[in-house]
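Heads up: the structure comes next, in structure tokens.
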Amino acid sequence: QVQLVESGGGFVQPGGSLRLSCAASGSVFSLYGVHWYRQAPGKERELVASITSGGLIDYADFVRGRFTISRDNAKSTAYLQMNSLTPEDTAVYYCNAEIGLIDSWGQGTQVTVSS
């Protein structure tokens, strides 16, 4: 089972950008599908973006055109580039890796968008 560590969160003003990283260890990262989720205070966790082991990508409508998911299998790392951030993007962002019935989560990284 893969272990995940997110980084790159922080405080940013509206319109700004952040890049989140999800570093994996303990298994063959390239075989896993990777997803970014987020959870805002008082709200349910929601799927933000996905990238399959084969590189197929999908986005939630609320981030399409602003966020970009990618992966570097040689570095066992996935990324979420977030541009044009708004206060509504404030949340804890989680990385998830899955293969079959195996499902791993990182600890999350806080993203706060505020003026």
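The values are calculated or read from the model by the stated rules, or taken from the named source; none is laboratory data. Please read these numbers as outputs of a predicted model, since none were measured by experiment. Positions of Cβ are backbone-derived with ideal geometry, glycine not excepted, and every protein chain shown enters the neighbour counts. Surface accessibility is based on the protein's heavy atoms, side chains included, excluding ligands, DNA and RNA. Shrake-Rupley method; radii C 1.70, N 1.55, O 1.52, S 1.80 Å.
Observations
- For the stretch 96-115, a residue qualifies if it is hydrophobic (A, V, I, L, M, F, W, C) and either open to solvent by 40 Å² or more (accessible area, probe 1.4 Å) or within 15 Å of S30 (Cβ to Cβ) (or both), and the qualifying residues are A97, I99, L101, I102, W105.
- For the stretch 67-83, residues that are hydrophobic (A, V, I, L, M, F, W, C), over 18 Å from A24 (Cβ atoms) and open to solvent by 20 Å² or more (accessible area, probe 1.4 Å) total 0.
- Selection count, the stretch 1-16, where residues are hydrophobic (A, V, I, L, M, F, W, C) and open to solvent by less than 60 Å² (accessible area, probe 1.4 Å): 3
- Contact annotation: residue pairs with Cβ atoms under 7 Å, 6 or more positions apart or on different chains, pairing a residue in the stretch 11-28 that is of a type in the set (V, I, T) with a partner that is surrounded by 13 or more Cβ atoms within 10 Å (Cβ to Cβ), are V12/L18; V12/L85; V12/V113.
- Residue match in the stretch 39-47 (condition: under 12 Å from the mean Cα position of the chain (by Cα) and crowded, with 16+ Cβ neighbours inside 10 Å): no
- Options T86, T90, T52: the member that is on the phi < 0 side of the Ramachandran plot, touching a residue at least 12 places away in the same chain (Cβ under 8 Å) and surrounded by 16 or more Cβ atoms within 10 Å (Cβ to Cβ): T90
- Qualifying residue in the stretch 28-36 (condition: open to solvent by less than 30 Å² (accessible area, probe 1.4 Å), over 21 Å from D61 (Cβ atoms), part of a strand (DSSP E or B) and out of contact with any helix residue (DSSP H, G or I) (no Cβ under 9 Å at 6 or more places or on another chain)): no
- From the options R64, R19, residue that is open to solvent by 40 Å² or more (accessible area, probe 1.4 Å), out of contact with any Lys or Arg (no Cβ under 9 Å at 6 or more places or on another chain), modelled with pLDDT of 95 or more and not in a loop (DSSP other than H, G, I, E, B): R19
- A count restricted to the stretch 22-37 and to residues that are of a type outside the set (V, I, T) and in contact with a Lys or Arg (Cβ under 7 Å, 6 or more places away or on another chain) stands at 1.
- In the set (1) of a type outside the set (V, I, T); (2) at pLDDT 95 or above; (3) in a strand (DSSP E or B), E44 fails one condition alone, (3).
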